[in-house]
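Okay, so here's the structure we're looking at.
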Amino acid sequence: MPETEALRTADATASTCVVIKIGSSSLVEGAGVDAAKADVVAGMVRRLRDEGLTTVVVASGAIALGRETLGDGPGEAGTRRQVMAALGQGPHFQAVGAAFARQDLTCAQFLLTPRDIWEPEHGASVRAALLHTLAAGVVPVVNENDAIMVRNNDVLAALLAARLGARTLMLLTDVDGLYDRNPRLHPDARRIDVVDTITAGLEAAAGGADSAHGTGGMAAKLGAARIATRSGVPTVIARFDGADAAVEACRGRPRGTLVRATRTADPLQALWCAFAQPPGGRLVCTPDGEAALAARGPLDRQGVAAADGDFPAGTVIDLVTAHGDLLARGRARGSAKEITRLPAGAPVLHPDEYVSLLEVEPCP
């Protein structure tokens, strides 16, 4: 096939692609994958195929399954979770694959890390492989390669949707959308049907992780939605309650919360740096720092007045004015103490490590 024709075929496949992330709480029951729930996922994919759409499924639960095998014992918690993931990946895919086979669907397993997606060369290879898989009529079942490092499948799904240029990202969970307050704590909380711009206030209302099985929660889903929507992919956050949820969302009638797409020039690496985790600290900027961020240039030590919070290196941080106004968000190269001890002119953040949080216009 000539290269131009192959590119057209890939773009056409991407335009029909829906990325669906299913959380651990929606798949795992006790010591294993719930066969009935897995059947619902497979039925959802079958119904979407009948609608003329292709599906990439990002399915969590390997750590939960591996925990049942490994049990309690000595060792650092993060490393033990990596081992749990390695133990659980095989049984997890086997159970999901069996459910797909009952729907006469073939699936293929992809274990990825964020770097595999946002790095240009690796990302192009991942995109080509996934689109070829979809074009062959096979359903990719993707999971974060947590045996390498435990992160978050919501964020992975968002990066993947962005890299593919997918039609829609669906984050299916155990609540029916985003609320103005935590509905488990506030019975009078109201669901938000449509979000044009994710704000710090919405993030505060989202709170943290709720599930005993998962590593996410609504705050992680909002971070994922920021990545996808700023890449032009609308995102739906809805309850996993059967095949109808996905089908209705693809028909333009989401049951949960629709986060409308926007377009920015931020590269995927910067989006991952800014939104892979909720912020864990702040840097207060000087006027020079504000000017550097407004110009989307590098931030150096001269642009930082103070560090707020005792955060370690690698933490997602907010960049604010002296009055606390939010300018940008990024990933700290050093700890709070290391940054404040840097000499004048030393680099603090590269443009690929932060994104501006100025208002952006919704996609037409």
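Conditions (1) touching a residue at least 12 places away in the same chain (Cβ under 8 Å); (2) under 20 Å from the mean Cα position of the chain (by Cα); (3) in a helix (DSSP H, G or I); (4) farther than 30 Å from ASP11 by Cβ, marked per residue:
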position	(1), (2), (3), (4)
VAL83	yes, no, yes, yes
LEU111	yes, yes, no, no
HIS122	no, yes, yes, no
VAL126	yes, yes, yes, no
LEU134	yes, no, yes, no
MET149	yes, yes, no, yes
What tally of residues in segment 16-41 results from selecting those that are open to solvent by 10 Å² or more (accessible area, probe 1.4 Å), assigned to a strand (DSSP E or B) and under 24 Å from GLY137 (Cα atoms)? 1
In the list ALA306, ALA328, ALA344, which residue meets the criterion of being touching a strand residue (DSSP E or B) at 6+ places or on another chain (Cβ under 6 Å) and over 27 Å from ARG115 (Cα atoms)? ALA306
Counting only residues that are out of contact with any Pro (no Cβ under 9 Å at 6 or more places or on another chain) and either within 21 Å of ALA161 (Cβ to Cβ) or open to solvent by less than 40 Å² (accessible area, probe 1.4 Å) (or both), which one in segment 195-210 is modelled with the highest pLDDT? VAL195
Whether any residue in segment 304-313 is closer than 17 Å to LEU271 by Cα, modelled with pLDDT under 95, open to solvent by 40 Å² or more (accessible area, probe 1.4 Å) and not in a strand (DSSP E or B) is what I want to check. no
Pairs, first within 19 Å of ALA228 (Cα to Cα) and part of a loop (DSSP other than H, G, I, E, B) in segment 168-194, second among the hydrophobic types (A, V, I, L, M, F, W, C) and open to solvent by less than 20 Å² (accessible area, probe 1.4 Å), C-beta under 8 Å, six or more apart: GLY177/ILE237; GLY177/ALA238
Reported set for segment 238-289 where residues are modelled with pLDDT of 80 or more, part of a helix (DSSP H, G or I), more than 22 Å from the chain's Cα centre (by Cα) and surrounded by fewer than 21 Cβ atoms within 10 Å (Cβ to Cβ) is PRO287, ASP288
Checking the structure you have, find out if any residue of segment 54-69 is under 30 Å from VAL247 (Cβ atoms), in a loop (DSSP other than H, G, I, E, B), more than 23 Å from the chain's Cα centre (by Cα) and touching a residue at least 40 places away in the same chain (Cβ under 8 Å). no
From GLN103, GLN109, GLN94, grab the single residue that is in contact with a strand residue (DSSP E or B) (Cβ under 7 Å, 6 or more places away or on another chain) and open to solvent by 50 Å² or more (accessible area, probe 1.4 Å). GLN109
Of the candidates PRO183, PRO187, the one satisfying the condition of being surrounded by fewer than 18 Cβ atoms within 10 Å (Cβ to Cβ) and over 15 Å from ALA219 (Cα atoms) is PRO187
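The values are calculated or read from the model by the stated rules, or taken from the named source; none is laboratory data. Here the structure is a predicted model, which is why all the values come from computation and not from measurement. Methodologically, a virtual Cβ is constructed for each residue, glycine included, from the backbone with ideal geometry; neighbour enumeration extends over all protein chains shown. For the accessible areas, the whole protein counts, side chains as well, though only heavy atoms, and no ligand, DNA or RNA atoms are used. Shrake-Rupley method; radii C 1.70, N 1.55, O 1.52, S 1.80 Å.
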